[in-house]
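The values are calculated or read from the model by the stated rules, or taken from the named source; none is laboratory data. Given the structure is predicted, the values throughout are model-derived calculations rather than measurements. Virtual Cβ from ideal backbone geometry, glycine too; neighbours counted across all protein chains shown.
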Amino acid sequence: MNGWVGRCLRVNLTEGRHTVEELNPALLETFLGGRGLGITVFSHEVSPETEPLSPENKLVFSSGPLVGTGAVTGASCNVITMSSLTGTIACAKMRGHFGAEMKYAGFDMIIVEGKAETPVILSISNDTVRIIPALEYWGRQTSETEDMFKKSLDNQWAARETFLVSIGPAGERQLPMATIINDRFLAVGGAGIGAVMGSKNLKAIAVKGQHSLEVADGDRFVQVVNTLINKLNSAPLTSQSMTQWGTAFLVGLCYQKGILPKNNFQQSSVSLKNISTDALENAFALRSRGCFACPIACIKKTDMKHHAYEGRGMVPTYLAIGSLGANCGISNLSAIGMANMLCADMGLDPVAVGGTVATLMELVEKKIATAEELKIDLRFGNENAVLDTLRLIATKKGHAQRLGPGAKAIAESYERPDVFMGVKGLPLAPFDPRAIQGMGLHFATCNYGPHHLYGYTFIDELLNVHEDSDPSGIEGKPALTKRYQDITAVMDSLGLCNWPLMGLKFKNFVPMVNSCLGTHYTADDLLLIGERIWNAERLFNMKAGLNASDDILPKRFTDEPIADGPGEGQVSRVNEMLPEYYRERGWDEHGKPLPETVKNLGLED
């Protein structure tokens, strides 16, 4: 099969056995692979009423058809399950090399079901699949787990070519904010996924393979790939900004537009002096690292030396600087970097953790909670307290039990749900929706909660790459939001990173898709598949109990104007945009897909 391997590995941990299944070609044509295929298989096999931490929940690792072929940025693998934090379907993006190695090991998809009696590691090396006892790994941080497993292999070259995804102490203790970590320190997003993996007593999955992949038209494929690489190497954002600083270059731009939040979204005026790209270069020795087949190399590595963490680490991204830094009132890049690495080692989602810490800080600021009660001095700007909190959250012991459930649960426990800045149980990614209207609409309607990685409206609203879209305006934003949500669903399903959209148009990818798969898709054909995927997720969530009342932002964003900075006076107009967004999607006024929409998208079943 062109691009696809055509095989799925099903692992039943309860019974300690595995089977290999052939993938349905009709599903591959309808949903492409990756996210689309994973969502479809999951929704057919798991009831929306399933408890996320029960053995009946499943973990689906699904790699797109372009992954491992050499397609530009063809590295993304998606992890699908029911989130223990949001109670919705969750899909996490896994960067790095795991997805490609999974394909080389002979599988497009891995389905993990049931629960092992004791901790195990799933080891896959070509056609050899083993479920290995892992008691000695339990309780260890993710970096320790990876080092230990690779040292256990007889062949050092095999160790170098083996890639792991693992959970830390947070996942083992089934914290709702737990995620999984791959390639040593890359968080996949998707808070709650780590808890599901922990509930199955699955410490890690290791993959290594030597199988080859085929493409339909090799000469044409290579030609298209080279053309796209040249385009990326000549576009300013993908050849300079992302290559030099990674996503951290967004800090200055978001500050200039009043989008960068401070102190749990209470303010937007922050000092750039200590968190700008200049400060980044002064604080860290930046070394670039790319995911599989990526010419951009936006991941920045460095050596960390700090009392909280010492060793190989990752330079903080925009996400870390915003969530663990500015939104907690912290501007020390070294401390932010340490917090980010602690999250990776403990297996914690940085957005969920940053939002939880910021919520606690506001409760302390308003004297609703006290340092004495929390046994930790969580004031805005207290970086040492944040680092201590990250360690405590993962222990789930003593007073840390109150921190573990997450921001929404904490706010509700103090009878102040208004202090929780999130949607569908997940804290917002660090973009103030009052100053970037399309992103605010995406946050309200995203199937996985308010994460920017599933609707890149800022590419036009902030960066003006493909069109000059005023972030403060709402005209055309429902259509823009829908378009980027559908594009992202397609890219995730193909296995492509979305960052190249900073230098390429979506239609530029179509020849690469067709020459790889032997298809004749148009851009509109692919966008229709993206729309199908988005609606399939929506239908699953509605069966799980979500409805239009969940498509809302906290009142802080709709009722309280930004108090200071470049975005002063702005509020989110999401409620004005929702009716038009529903019409664009072919949904009724309650946000439910209309029967004709379901039929036109082939989702009757």
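Summary of values
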quantity	calculated
Members of segment 436-477 that are over 20 Å from the mean Cα position of the chain (by Cα) and within 19 Å of residue 242 (Cα to Cα)	460, 461, 462, 463, 464, 465, 466
Pick from segment 144-173, criterion assigned to a loop (DSSP other than H, G, I, E, B) and touching a Gly at 6+ places or on another chain (Cβ under 9 Å), ranking: surrounded by the fewest Cβ atoms within 10 Å (Cβ to Cβ)	161
Condition broken by residue 351, with the remaining ones in (1) over 24 Å from the mean Cα position of the chain (by Cα); (2) β-branched (Val, Ile, Thr); (3) at pLDDT 90 or above satisfied	(1)
Residue satisfying condition, being at pLDDT below 95 and over 30 Å from residue 514 (Cβ atoms), within set 580, 576, 560, 568	568
Condition met for residue 470 (acidic (Asp, Glu) and surrounded by fewer than 24 Cβ atoms within 10 Å (Cβ to Cβ))	yes
Leading residue by the ranking (nearest to residue 550 (Cα to Cα)) among those in segment 80-109 that are in a strand (DSSP E or B) and in contact with a Ser or Thr (Cβ under 8 Å, 6 or more places away or on another chain)	89
Filter result (over 16 Å from residue 117 (Cα atoms) and among the hydrophobic types (A, V, I, L, M, F, W, C)) within segment 48-64	59, 60, 61
Candidate set: segment 105-143, residues that are under 20 Å from residue 94 (Cβ atoms) and among the charged types (D, E, K, R); chosen: the one surrounded by the fewest Cβ atoms within 10 Å (Cβ to Cβ)	113
Some residue of segment 215-234 being charged (D, E, K, R), in the same structural domain as residue 69 (by TED's automatic domain parsing) and modelled with pLDDT of 95 or more	no
Boolean, residue 395 is surrounded by fewer than 20 Cβ atoms within 10 Å (Cβ to Cβ) and among the polar types (S, T, N, Q)	yes
Pick from segment 42-62, criterion in a helix (DSSP H, G or I) and within 20 Å of the chain's Cα centre (by Cα), ranking: farthest from residue 7 (Cα to Cα)	43
Residue match in segment 67-75 (condition: closer than 30 Å to residue 405 by Cβ and either surrounded by fewer than 23 Cβ atoms within 10 Å (Cβ to Cβ) or touching a residue at least 12 places away in the same chain (Cβ under 8 Å) (or both))	no
Selected residue [surrounded by 18 or more Cβ atoms within 10 Å (Cβ to Cβ), at pLDDT 95 or above and among the hydroxyl-bearing types (Ser, Thr, Tyr)] from 14, 81, 88, 19	81
Helices (runs of 4 or more DSSP H) completely within segment 371-455 that count 2 or more residues being under 22 Å from residue 539 (Cα atoms)	437-445
Tally of residues being farther than 25 Å from residue 300 by Cβ and surrounded by 17 or more Cβ atoms within 10 Å (Cβ to Cβ) across segment 218-275	9
Single residue of segment 584-605 satisfying the filter (without any contact (Cβ under 8 Å) to a residue 60 or more places away in the chain and assigned to a helix (DSSP H, G or I)) that is surrounded by the most Cβ atoms within 10 Å (Cβ to Cβ)	600
Set 45, 29: member being at pLDDT 95 or above, acidic (Asp, Glu) and not assigned by TED's automatic domain parsing to the domain that holds residue 532	45
Residue check, residue 277 among the polar types (S, T, N, Q), under 30 Å from residue 66 (Cβ atoms) and modelled with pLDDT under 95	no
Criterion violated by residue 138 - all others in (1) in a loop (DSSP other than H, G, I, E, B); (2) among the aromatic types (Phe, Trp, Tyr); (3) within 23 Å of residue 496 (Cα to Cα) satisfied	(3)
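Per-residue answers, yes or no, for (1) farther than 19 Å from residue 379 by Cβ; (2) assigned to a helix (DSSP H, G or I); (3) in contact with a Cys (Cβ under 6 Å, 6 or more places away or on another chain):
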site	(1), (2), (3)
250	yes, yes, no
259	yes, no, no
273	yes, yes, no
281	yes, yes, no
321	yes, yes, no
331	no, no, no
343	yes, yes, no
